[in-house]
Amino acid sequence: YCSYYVPEPTDSIILKICCELYLKVKQYPDALRVAIKLADAALINEVFAASATESDIAQRQLAFMLARQRMFHVVKPDTIEDETLKGVLANTQVSEYFLSLARDLDIVEAKTPEDIYKSHLEQRAVGAGVDSARGNLASTFVNAFVNAGFGQDKLMTEEGSKWLYKNKEHGMMSAAASLGMVLQWDVESALSQIDKFLYSQEDWVKSGALLGVGIITCGVQSEVDPAIALLAEYIDNTNGNMRIGAILGLGLAYSGTCREDVRDMILPVLEDSSASMEVMSIAGLALGLIFVGSSDGDITQGIMTCLMERTETDLASAHARFLVLGLSLLYLGKQGHAEAA
């Protein structure tokens with residue numbers, strides 16, 4: 001912990017010494033934790049390889065740690081021969097593990113927003129109800145969070161549910177996207193459930209479904225890249241909301257992965273003079289999520305150029321804050337690099 005109280009580069013020197021000591025005494029999880037803090041890809045791979053000499057269980061523990069940090073670009077799952085280890089690194093089994101724990105804790109049964117609100121305990125005057133549109137929107141979010149990852153709920157996944165159509169515009173978009181949170185991580189079966197909304201005649205529903213795809217695949221690496229396959233074609237769509245759903249969906253799906261091919265898809269949006277400030281800002285945020293802590297020069301230049309070329313009216317928009325947030329995410333934890341930029 002003393003590394004927190006010393007300036008650069010002394011902190012890195014201390015951490016490297018700690019990592020070497022942990023490796024000598026075969027404390028691989030602690031060594032990996034330090035290597036991740038250093039953001040040293042070579043050192044991370046060295047620790048991961050060294051753990052294989054100890055036992056399969058030890059290396060699997062490290063694989064879980066790397067998968068939790070979504071470091072697919074550092075230790076690449078497709079380079080691993082052991083199928084179980086590859087699945088752990090790619091997070092493809094995280095839904096199975098999550099549901100197994102839920103069954104052990106006996107918390108699988110879907111909950112409703114009312115289970116959280118417990119409004120029957122309130123003493124509210126007659127006619128003092130919440131506005132129905134806002135109330136439905138709130139219930140959509142509560143339902144998504146309380147049932148996140150469980151694969152079932154009582155608002156969106158039940159057969160014949162009409163909840164989606166009890167909302168309007170942004171509410172419909174949120175409701176469609178919330179299905180992605182309920183089905184999160186279960187890529188194989190979830191995409192078939194949300195796919196029907198991609199063919200909806202309502203653009204709001206379609207936009208939400210695009211965002212939902214990103215939420216479902218968030219933190220899970222698949223060889224077929226379903227997020228790119230489903231979302232890439234909507235990046236340049238004429239409908240602004242669909243562009244937002246697709247771009248933010250990609251940002252969530254590939255957050256922390258530093259995928260250059262995804263960067264090359266989204267970066268041109270920052271140079272598109274016809275794009276609205278909202279679309280541009282979401283593009284900047286998505287790139288910040290994907291390349292968080294990477295100090296990527298191309299994205300930095302793209303966001304800075306966008307900020308300098310937009311009018312004062314554009315920059316006064318609330319959406320412009322997302323551009324700045326995206327820029328700050330690029331330099332998360334980089335201190336000196338941020339000052340230089």
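Annotations for the structure displayed:
- Annotation: of all residues in region 77-100 being of a type outside the set (A, V, I, L, M), in a loop (DSSP other than H, G, I, E, B) and in contact with a helix residue (DSSP H, G or I) (Cβ under 8 Å, 6 or more places away or on another chain), the one that is farthest from Ser189 (Cα to Cα) is Asp82.
- For region 150-198, a residue qualifies if it is of a type in the set (Lys, Arg) and closer than 18 Å to Asn136 by Cβ, and the qualifying residues are Lys154, Lys162, Lys166, Lys168.
- Only one of the numbered conditions (1) under 18 Å from Asn239 (Cβ atoms); (2) open to solvent by 30 Å² or more (accessible area, probe 1.4 Å) is not met by Glu309, and that is (1).
- For region 32-44, the condition holds for no residue, the condition being that it is charged (D, E, K, R) and in contact (Cβ under 8 Å) with a residue 40 or more places away in the chain.
- For the residues Glu96, Glu109, the requirement of being open to solvent by 30 Å² or more (accessible area, probe 1.4 Å), farther than 22 Å from Leu252 by Cα and at pLDDT 85 or above singles out Glu109.
- Residue count, region 93-122 (criterion: touching a residue at least 12 places away in the same chain (Cβ under 8 Å), more than 23 Å from Ile216 (Cα to Cα) and among the polar types (S, T, N, Q)): 0
- The one condition in (1) in a helix (DSSP H, G or I); (2) surrounded by fewer than 22 Cβ atoms within 10 Å (Cβ to Cβ) that Gln201 fails to fulfil: (1)
- Hey, Leu183 of a type in the set (A, V, I, L, M, F, W, C), within 21 Å of Gly288 (Cα to Cα) and modelled with pLDDT of 90 or more or not: no
- When the test is whether a residue is open to solvent by less than 10 Å² (accessible area, probe 1.4 Å) and outside any helix (DSSP H, G or I), Gly219 passes it.
- Taking helices (runs of 4 or more DSSP H) as the structural unit, those lying wholly within region 222-341 and holding at least 1 residues that are in contact with an Asp or Glu (Cβ under 7 Å, 6 or more places away or on another chain), touching a residue at least 12 places away in the same chain (Cβ under 8 Å) and closer than 30 Å to Leu89 by Cα correspond to 240-253, 260-270, 320-330.
- You will find that of Glu109, Glu81, Glu20, Glu46, the residue that is closer than 23 Å to Val182 by Cα and either over 28 Å from the mean Cα position of the chain (by Cα) or acidic (Asp, Glu) (or both) is Glu109 and no other.
- Which listed residue, of Arg60, Arg103, Arg70, is at pLDDT 85 or above, charged (D, E, K, R) and closer than 30 Å to Tyr22 by Cβ: Arg60
- Taken together, the residues in region 132-162 that are open to solvent by less than 30 Å² (accessible area, probe 1.4 Å), in a helix (DSSP H, G or I) and among the hydrophobic types (A, V, I, L, M, F, W, C) amount to 1.
- Entry remark, region 164-188: residues being part of a helix (DSSP H, G or I), open to solvent by 20 Å² or more (accessible area, probe 1.4 Å) and in contact (Cβ under 8 Å) with a residue 24 or more places away in the chain number 6 in total.
- Residue that is farthest from Phe64 (Cα to Cα), among those in region 81-94 that are out of contact with any Ser or Thr (no Cβ under 9 Å at 6 or more places or on another chain) and not charged (D, E, K, R): Thr84
- Looking across Ser281, Ser276, one residue alone is open to solvent by 20 Å² or more (accessible area, probe 1.4 Å), polar (S, T, N, Q) and farther than 18 Å from Glu169 by Cα. It is Ser276.
- Within region 31-49, the set of residues being farther than 12 Å from Lys16 by Cα and among the acidic types (Asp, Glu) comprises just one member, Glu46.
- Test result for Glu20, among the charged types (D, E, K, R), open to solvent by 50 Å² or more (accessible area, probe 1.4 Å), assigned to a helix (DSSP H, G or I) and under 30 Å from Glu260 (Cα atoms): no
- Enumeration of residues in region 236-254 that are surrounded by fewer than 19 Cβ atoms within 10 Å (Cβ to Cβ) and closer than 18 Å to Leu323 by Cα: Gly240
The values are calculated or read from the model by the stated rules, or taken from the named source; none is laboratory data. Computed from a prediction, not measured in an experiment: that's the story for all the values here. FYI the Cβ positions are ideal-geometry reconstructions off the backbone, even for glycines, and counts take in every protein chain you see. Accessible surface areas use protein heavy atoms only, side chains included; no ligands, DNA or RNA. Shrake-Rupley method; radii C 1.70, N 1.55, O 1.52, S 1.80 Å.
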